[in-house]
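Data first, discussion second: the structure below is written as structure tokens.
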Amino acid sequence: MYQPSASRFFDRQALARRRTLQIIFLFPLSLASVAAAFHALYFLYTIFSMQWVFMEDPLASPYRPERIGLVHLLAAFVVLFGMVRAWWTMSGGGVIVAQRLGGRLADPNSTLRGEKRWINVVEEMAVAARIPTPGIYILDQQNGINAFAAGFTPDDAVVAITRGGLEWLTRDELQGVAAHEIGHIVHGDSRLNMRIMILLSGVQTLPSAGRAMVENSYKSLELSGMKQGGGLALFGFIAGYAMWFLGSLALFFNRLIQAAVARQREHLADASAIQYSRNPQGLSQALQKIGGFCSGSRIRDSLSEEYRHFYFSQTSVPSMFDWTDTHPSLHERIRLLDPSFTGTFPRLIQGRWYGLNESEESNPQPTDEELDINNKGGSGGMAWINSFKEMGAILSGVHHNLIQASRQRITGICLLYALLITESSSRKESLASLSQSETDFWTNTINNFINLIEKIDGATQLALVRLSTMSLAGLNLDDRAKIMKTINTLIRLDNKISLVEYSIEKIVHRTLVPEDFKVPGHRRVSSFRKHGEHVSVCLSLMARIAGDPPADAFARGVACLGRDRGWQLLPAGSCGLKAMDRALGELAVLGDEHLRVLIKAIHATLPLETPPTLNALWLYFATIAILNQPIPVSFWTLLARRSNDDKTMNQ
């Protein structure tokens, strides 16, 4: 199976963003061009009018800029009115779009084939992307294979899939589609689509209003003629035709720009799907099935044309001209995911697919019962854990109560508290503090977890923190604030903060309050030039706790940074946790490309031949969370080595 490198899909993301910005600038330019064309037409009309030729006074031109200004003002008002009306209609977020397109909320207890599986994969991909789980919808009336994401923010976003997608896609393929749609939400594409929708609704009002003006003016002329108010009716007639024609022209060009933007964002979402699912073959096979399916990805709905840029794939038969399509061709998208694609789509024969690049029989699908998120028995839900294959080996010997607890919201919070108390030097004070703010159920549950946690190694505890934070998605603001307050209280009871406590606090904080770590686009920088000291702090601390001689580890990290910016291995007193925290706060303004280089440099400080220290792994994981970077697969490999080494030593 082809596996694209991280740099490859990150480069595709950066390219798609740049092209999108270039294309978006064409929106106001197109409107200004139509206004200029309108002005030019009126000017030419005045030049070639008979009144101009036979005028005795050449200076008394019939050209009246105030008339054209009045039409421009009227057109601007109409467009603004349409935009405000569209914004008011869509202010409810993605739910409004889902309902308008005939979607219903997904039901975990549904008997519809694949519905539980769709809920599971959306939740998993939301966790991988570190966003709240969006609303999950089903389009029951659509038999084509398609999906969409909509919403202004991750909090009001929804993800929907057609009935055909549920029936014909495997779990891996559904995961690829879900990751693609989650990518749209993470990168702001769903918000961009909503705004483009509002803009186009405003522009679409212009030809509609022009047509209404023509009809009303024509009726007025028929009734009253040119004598009584005929001049005003004639002006309305001409202005209406101008608005109708030029508004239609503006709408046409804006739809072309909309299609160009949508094509770039599809490439960006495809690249993001690889980042979140780490399985390009799933997305590739989903696209191949669309190409080979009789209904393809078609949406049979009167609103499909209006909302076509929201969808996963083309909602109608691709046109003869690529520049009118909102999505790249299937062949182009599949080849970017899998260069070995031959160009031949699979065939559906008697309910089975033939001709996929990878046989479905070689990768049997788990049943819905195995994936049921509410399952209470058996191995404690290891089927759910196995979807995060990197952690599977680490957690294989963990008590099933801990695994089950990490999957549910309340017990997941209790597990996080128990992990902090286990690390604290003042357990009695911590439990006493919790008993004052929580119920007996909470304190008893936490006590039970503490007894189980004491029996596992530190590397496994780190994996449990990762799983527990996954269960926190979707909490309301009050619950998030309460959890952060409790965690801060538990950490500071003994008047000191260990590296593990610091890491847990940052990981949970990044999960619950991601907006605290968000850096506006205009503040992003693309150079280490002003951050030499901050980079030195990060690499120095990691080099000193990783396990190898600090100078050797630091040198490996610096070698990944390229141009020398005066990096220095700082003494231990100058690179503590406080200095590291300040440095990471400053480095968060770096662009994604430089953040990836920094993560690579930090990774290079870890030992090459022996497992890294547990402290280094905790800090590495916290750094990834603070800088909002994807967790490398190699991290879990290192954590598994550390866990196996600790287990061997304890035997």
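Odds and ends about this structure:
- Efficiency of FRET from Cβ geometry, Thr344 and Asn216, R₀ 51 Å, rounded to 0.05: 0.35
- Gain on full stretching of the segment that runs from Arg335 to Phe81 - 0.36 nm per residue minus C-alpha separation: 87.1 nm
- Burial order of peptide ranges 443-456, 146-159, 617-630 (average beta-carbon count within 10 Å, highest first): 146-159, 617-630, 443-456
- Efficiency of FRET between Lys496 and Thr637 - r from beta-carbon atoms, R0 22 angstrom, step 0.05: 0.10
- Checking the Cα-Cα distances for Lys455/Lys482; Lys428/Lys496; Lys496/Lys600; Lys455/Lys647; Lys116/Lys482 against a 20 Å cut-off, the pairs over it are Lys455/Lys482; Lys496/Lys600; Lys116/Lys482.
- Listed values for segment 168-179 are Karplus-derived 3J(HN,Hα) couplings in whole Hz (6.51 cos²θ - 1.76 cosθ + 1.60, θ = phi - 60°), namely 10, 9, 6, 4, 4, 5, 4, 5, x, 5, 4, 5, and x replaces Gly and Pro.
- Radius, Kirkwood style, for segment 406-477 when every pair of distinct Cα atoms is counted (Å): 12.5 Å
- Projected area averaged over orientations for segment 544-584, convex hull of C-alpha atoms, nm²: 3.3 nm²
- Additional length obtainable on full extension of the chain from Arg352 to Glu305, 0.36 nm per residue less Cα span: 13.8 nm
- Length gained when the stretch Thr610-Asp440 is fully extended (0.36 nm per residue, less Cα-Cα span): 56.8 nm
- Sequentially through segment 137-146, phi angles give Karplus couplings (6.51, -1.76, 1.60; θ = phi - 60°) of 10, 10, 9, 5, 8, 9, 8, x, 8, 7 Hz, Gly and Pro residues having no value and appearing as x.
- Point-to-point label distance, Asp645-Lys485, nm (Cα→Cβ direction, 7 Å offset): 4.2 nm
No value in this document is a laboratory result; all are computed from the given coordinates. Keep in mind that what you see is a predicted model, and the values were worked out from it rather than measured. Counting neighbours? That spans all protein chains shown, and the Cβs are built from the backbone with ideal geometry, glycine included.
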